[in-house]
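**Q** Here you go, one structure.
Rule-based calculations on the coordinates, nothing more; no lab input. Computed from a prediction, not measured in an experiment: that's the story for all the values here. Counting neighbours? That spans all protein chains shown, and the Cβs are built from the backbone with ideal geometry, glycine included.
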Amino acid sequence: MKFFKGLCAATAAAAAVAAMLAFSACGDKVVTVENDDGSKNYVMTVSSSVIELTDSTTLYDYMCALREDGELNFEAEKSSYGYYITSVDGVAEKYDSENSMYSWMIYTDLTELDGAIYSSAEYGTWDYDGKTLNSASYGISGLPAVEGYTYAIVYSHTSW
């Protein structure tokens, strides 16, 4: 009988530890990364716990689900190329001269899928948590949201 009680206690303790580990693994769905200048960037790793992922789920769909959950505050506008981000947490894109602006850029570790190139280091990289993310080749409505891949929304300066 003592053995049975001990076994039950050990099983209950193991279940409690497993539950705590599972709970601690669930955290913020969007990580905020503060830059030296005080500006912020936003990183997310796609998870089916946010939205049901299909072959046609885009990063825009995923971000809208995060917005509905109160995890990400952003605005986007539709252009002839699809949706692009115009502001995140009230920080909007802005021109600082005729040939220079700040805008929200997307970086991801999703490089190629089904023969399409979705990002490339050729156009720039951004490092996060030991990963090098490449500049996206598509806007948020053209990028597929794929389980386990990381996407970063980075406030960047561009001039031409």
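**Q** Please go through the range 67-99 and pick out each residue that is polar (S, T, N, Q) and closer than 21 Å to Lys40 by Cβ.
**A** Within the range 67-99, Asn73, Thr86, Ser87 qualify.
**Q** OK, next. Give the residue, chosen from Thr58, Thr54, Thr86, that is surrounded by 13 or more Cβ atoms within 10 Å (Cβ to Cβ) and more than 13 Å from the chain's Cα centre (by Cα).
**A** The match here is Thr86.
**Q** Next up: Residues being aliphatic (A, V, I, L, M), assigned to a strand (DSSP E or B) and under 22 Å from Asp129 (Cβ atoms): count how many of those fall in the range 104-116.
**A** Counting residues in the range 104-116 that are aliphatic (A, V, I, L, M), assigned to a strand (DSSP E or B) and under 22 Å from Asp129 (Cβ atoms) gives 3.
The rows are residues; the columns are (1) in contact (Cβ under 8 Å) with a residue 12 or more places away in the chain; (2) farther than 18 Å from Lys29 by Cβ.
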| residue | (1), (2) |
| --- | --- |
| Thr57 | yes, no |
| Tyr83 | yes, yes |
| Lys94 | no, yes |
| Ile117 | yes, yes |
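**Q** Still on this structure, I have one more. Filter the range 106-133 down to residues that are buried (at least 20 other Cβ atoms within 10 Å of the Cβ), within 13 Å of the chain's Cα centre (by Cα) and not aromatic (Phe, Trp, Tyr), then give me how many there are.
**A** Counting residues in the range 106-133 that are buried (at least 20 other Cβ atoms within 10 Å of the Cβ), within 13 Å of the chain's Cα centre (by Cα) and not aromatic (Phe, Trp, Tyr) gives 4.
**Q** When Thr158 is evaluated against the numbered criteria (1) over 21 Å from Ser39 (Cα atoms); (2) touching a residue at least 24 places away in the same chain (Cβ under 8 Å), which criterion, by number, is the only one it fails?
**A** (1)
**Q** Next up: With the condition kept exactly as written, say whether any residue in the range 130-147 is outside any loop (DSSP other than H, G, I, E, B), touching a residue at least 60 places away in the same chain (Cβ under 8 Å) and touching a Phe, Trp or Tyr at 6+ places or on another chain (Cβ under 8 Å).
**A** There is at least one residue in the range 130-147 that is outside any loop (DSSP other than H, G, I, E, B), touching a residue at least 60 places away in the same chain (Cβ under 8 Å) and touching a Phe, Trp or Tyr at 6+ places or on another chain (Cβ under 8 Å).
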